[in-house]
Each structure stands twice: as C-alpha cells, then as structure tokens.
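Here's the structure we're looking at; comments come further down.
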Amino acid sequence: LFGTLFGGTVTGSAEVKNWRNSQQQGTAHFQFRKVLVRQMAAAISSASLPLNQLNPAGTGDGSVDARWRGSPEHATSEFALDVVPGEATETGSALPLTGTIRGRYSLLDNSLALSQFDMKGRSLHLSTTGTLGQGNSNLNVSVTAGDLNDLAPLLAVFWPQQKFPSHVSGQATCGPPR
C-alpha cells in the first residue's frame, strides 16, 4: 500500500487469514513519513478539544502495527510518532514541536495506553504516561513552562470560556514530583 496522509506519505501492508469465518486473524503495518502535525491536529480536533487552535508546527515520522483475532473490532494497535520542528514557512504564532509518542490503542476496549508522550515547544514541556479508557483511567501529567506566556494557547484550548490575563511573567512547573 502507498498513499498520502496529512501532507506526508504512508506505506504499509495488511494480511488477513480465515477472512470468511470467526477465526479470522489479521495484521496491518503502516509507516508514515513527514506528516504535518498541524493537519493531524485539525483532523482529531473537536468542539470540546480544539487542538488545531494550538497551531502546532512540525513533521512526524512513525508507525502503526495492528493485530486482531476474530474480528477487526478486536484490534490492538501499537503506535509510535517522532516529531521534529516544521518548515521555515510555519512561523509566527505557530508552536514548533519536538517530541516522541509511544503507545497502544485497543479498539475493543476503546482504551489508550501511553508508554511515552514527551512534547516540547518553545519553553513548554509536556510529559504524560498512563491509560485513558471508558472505565478506568490513570494518567500522569507533568507540564513545565519557562515562560508563562507560552501557556496561553494551551489554556485557551482546555478552558475556552475562561478569561486569562493578556500578559503574565515567570515560570511554572506542574506534575508529580521527580
């Protein structure tokens, strides 16, 4: 398989055994290169989580490896994404990102397990590990800001109704003790 995705390329393969019966087994392996983080954020944004408003700038390389038994609805996917800052054309109010994301998503449980989520942009550093699911969630989050002004876009995304001062100064760290 070959195609384009979020301004980059995707290649991959898939195999399904016993596709006509309940003993179906499948695997899918995809590699993606130079996908635009801005387009990824726009695709997963919603009214309750408008990630596109962060104006992220970067390109990512990564992979998705999925496996299932019985039905594709039982798929579990391992994923990896490495992000580097974007092109020089992505300047101004863009948030240049560098980081790594590693995890597993279970379609059957609708659960996400992050073994590594480490993103840096300007003076911000967001680090997260843990699980998110319908019944059980345990997420460890650490945020560090060398300049509190860099937090403004992030705060506006998660608390859009809240008014924040137009100028703040200082540093902040929030998260579990290290």
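A Cβ distance below 7 Å, combined with a sequence gap of six or more or placement on separate chains, defines the contacts here; from the stretch 1-15, residues that are open to solvent by less than 60 Å² (accessible area, probe 1.4 Å) and modelled with pLDDT of 95 or more reach residues that are small (Gly, Ala, Ser) and assigned to a strand (DSSP E or B) in the pairs 10/3; 12/28. The single condition from (1) part of a strand (DSSP E or B); (2) closer than 22 Å to residue 103 by Cα; (3) among the hydrophobic types (A, V, I, L, M, F, W, C); (4) without any contact (Cβ under 8 Å) to a residue 24 or more places away in the chain that residue 42 fails is (1).
Restricting the search to the stretch 100-117, which residues are more than 26 Å from residue 69 (Cα to Cα) and open to solvent by 40 Å² or more (accessible area, probe 1.4 Å)? Passing the criteria: 116, 117. Of the residues making up the stretch 33-49, those that are surrounded by fewer than 18 Cβ atoms within 10 Å (Cβ to Cβ) and under 13 Å from the mean Cα position of the chain (by Cα) number 6. Annotation note: of 97, 124, the sole residue that is open to solvent by less than 30 Å² (accessible area, probe 1.4 Å), in contact (Cβ under 8 Å) with a residue 40 or more places away in the chain and either at negative phi or of a type in the set (A, V, I, L, M, F, W, C) (or both) is 97. Screening 59, 100 for residues that are of a type outside the set (Lys, Arg) and touching a Lys or Arg at 6+ places or on another chain (Cβ under 8 Å) leaves exactly one candidate, 59. When only residues in the stretch 52-66 that are open to solvent by less than 40 Å² (accessible area, probe 1.4 Å) and hydrophobic (A, V, I, L, M, F, W, C) count, which is modelled with the highest pLDDT? Residue satisfying both the conditions and the ranking: 66. When restricted to residues that are of a type in the set (Ser, Thr, Tyr) and modelled with pLDDT under 95, the stretch 16-31 contains 1.
The values are calculated or read from the model by the stated rules, or taken from the named source; none is laboratory data. As the structure is a prediction and not an experimental result, all values here were calculated from the model. Positions of Cβ are generated from backbone atoms using ideal geometry, with glycine treated the same way; all protein chains shown enter the neighbour counts. All accessible areas refer to the heavy atoms of the entire protein, side chains included, with ligands and DNA or RNA removed. Shrake-Rupley method; radii C 1.70, N 1.55, O 1.52, S 1.80 Å.
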